[in-house]
Amino acid sequence: MSRLGRVTDTGVDRALWARVGGWLRVLREDLWTARVDPLPPSTWLRWLPHGLLCLAAFGITLGGTAQLNDNGHLNAGYAFLLAFGQGIAVLLAMWRPVPAWWLSTVATVVGAVAVYARIEPGYSFTWPWTAAGIIAHLLVLLLLALRVPTRVAVEALAVTVLATWVLEGLTVSGVQYQPTGVLAVTLFAVVVVVGTALRGRREARAQLVEQTTLTAEERTRRTLLEERSRIARELHDVVAHHMSVISIQAQVAPHLVENPPDELKENLAGIRQNALEALTELRRVLGVLRSEHPGPGEPAGPDGDTAGHAPQPTLDRLDALVENTRAAGREVITEINGERRPLPPGVELSAYRIVQEALSNVLRHAPGARATVRLTYQPDGLEVEVVNGRPTGPAPPSTGAGHGLLGMRERVAMLGGTMTAHPWHWDGFKVTAFLPDTPPADAPGTARSTAHTTDPRGGTP
């Protein structure tokens, strides 16, 4: 043989031995372990499976002892020890399935060898697996397949098949017994397949629950961001209006004073220039916010607004909003308490949007219910209350994201107010929000909150 041939054969042999060694290492890591792997807790009759397994282990011990002693002609103590090992393997499989499988396999092999040495001619005995041994190993393999990876369960099944084949292959011809190897291996394979399938189903359900939770959280976060973007677009319109007024007043102010000093003209010119620059930046940001498509339900609200370019509504348009709701076939009562007065634009806009969303929820989720809109002007702010009575029929399926209350809370939190939303008498619902005229010092967006706190919230305030 040439030198090249010897080198090639040596390389192939080394690669083959390296692969076999890798398989053996994997087999040792999977099956030569005593790690704790308890049964998952059951929500219904939690301890029922454990009790049934204890009864099965007791029956296997008694049945195995009787069979090995009476039919296998083993000593009573020796028979009890082997049967007890098989019963303990069933109990051990509830916490340590791999060591339990080893115990059941070793007890079966030792018992089979001991019984084979005592088989008498003309006497038939179930061998190498007894009835109790088959039942015990079935339960152990089932508990193992339910909790270990599929690879480990297949490896345990393969070793069991190999042990059965070795026992039957080493028998001397002429010895009479009832072979149980084929039946046992078939049952073992079925149990491993069933256990693996059940384990895969349980893992799939757990992953589905986890994915559903993540999807709901992501939907909530996305809805929150969309609502904040919508609020930002609306408030930019309000701020842009005020900046335009400042610019115009700064331009007109010098003409209202006779012989204004140069310093006044320079200051007013600076104010006007700063206002124009701020207005330009606001329009640029507003263009970015409006470049995206409006969300569902945003192009046209109940009051007929078109999102994007319509003037932002105030409480002066509340009557039109209520009339549109009445036109949809609902009875709406409006109550205004206190002395009505102009409020800051942000408060007016937020109050209008809260009433709008509350009435939309009444239309969607409370068919036939009567609604009451109550505005209470207080010295330090405005209280908005929308209450609906009991619906007259079942609500149709909703196609929205179901986060209308989230937007209300964002608006209230932005102004430093408070809000409650909860079921009311006789299957009704009540939304109450208080919007202060002046936000408190620690409200979001104020100088104090900006300097000392950050808003890490990803959900409802």
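The values are calculated or read from the model by the stated rules, or taken from the named source; none is laboratory data. For clarity, every value in this text was computed on a predicted model and none was experimentally measured. Neighbour counts run over all protein chains shown; Cβ positions are idealised from the backbone, glycine included. Surface areas here come from the heavy atoms of the whole protein model, side chains and all, with no ligands, DNA or RNA. Shrake-Rupley method; radii C 1.70, N 1.55, O 1.52, S 1.80 Å.
Residues of the stretch 168-210: accessible area per residue at 1.4 Å, in Å²? Don't skip to the answer; put the middle values down first.
Details: 2930 Å² over 43 residues.
So the stretch 168-210 comes to 68 Å² accessible per residue, rounded to a whole number.
Quick one: divide the alpha-carbon radius of gyration of the stretch 345-396 by 2.2 N^0.38 Å and tell me what you get. All intermediate terms of the calculation are to be shown ahead of the outcome.
Numbers: Rg = 12.9 Å, N = 52, 2.2 N^0.38 = 9.9 Å.
For the stretch 345-396, the normalised Cα radius of gyration comes out at 1.31.
How large are Rg and Dmax for the stretch 21-173 when only the alpha carbon atoms are used, in Å?
Radius of gyration, then largest Cα-Cα span, for the stretch 21-173: 16.3, 54 Å.
When you take every Cα atom in the stretch 60-147, what is the radius of gyration, and what is Dmax, the widest Cα pair distance, in Å?
12.8, 44
Evaluate the Kirkwood expression for the hydrodynamic radius of the stretch 131-215, namely the inverse of the mean inverse distance over all pairs of different C-alpha atoms, and round to one decimal in Å. Write out the running numbers ahead of the final one.
Working: mean 1/r = 0.0684 Å⁻¹.
About 14.6 Å for the stretch 131-215.
Which order do the peptides 369-376, 160-167 take when ranked by the mean count of other beta-carbon atoms within 10 Å per residue, highest first?
369-376, 160-167
Quick one: net charge of Gly381's neighbours, Cβ under 14 Å, K/R +1, D/E -1?
Numbers: positive: Arg340, Arg341, Arg411; negative: Glu339, Glu348, Asp380, Glu383, Glu385, Asp437.
For residues surrounding Gly381, the net value is -3.
Could the peptides 16-23, 144-151 be put in order, highest first, of the mean number of other beta-carbon atoms found within 10 Å of their residues? Write down the numbers at each step before the final one.
Working: 16-23: 10.1, 144-151: 18.9.
By packing density, highest mean first, the sequence is 144-151, 16-23.
Can you order the peptides 192-204, 248-260, 356-368 by their average number of other Cβ atoms within 10 Å per residue, highest first? Could the numbers behind the result be given before it?
Details: 192-204: 14.5, 248-260: 11.6, 356-368: 19.6.
Highest-to-lowest ranking by the protection proxy: 356-368, 192-204, 248-260.
With a 1.4 Å probe and all protein chains left in place, how much of the accessible area of the stretch 113-272 comes from carbon and sulfur atoms, in whole percent?
Details: 5960 of 9290 Å².
Carbon and sulfur together cover 64 percent of it.
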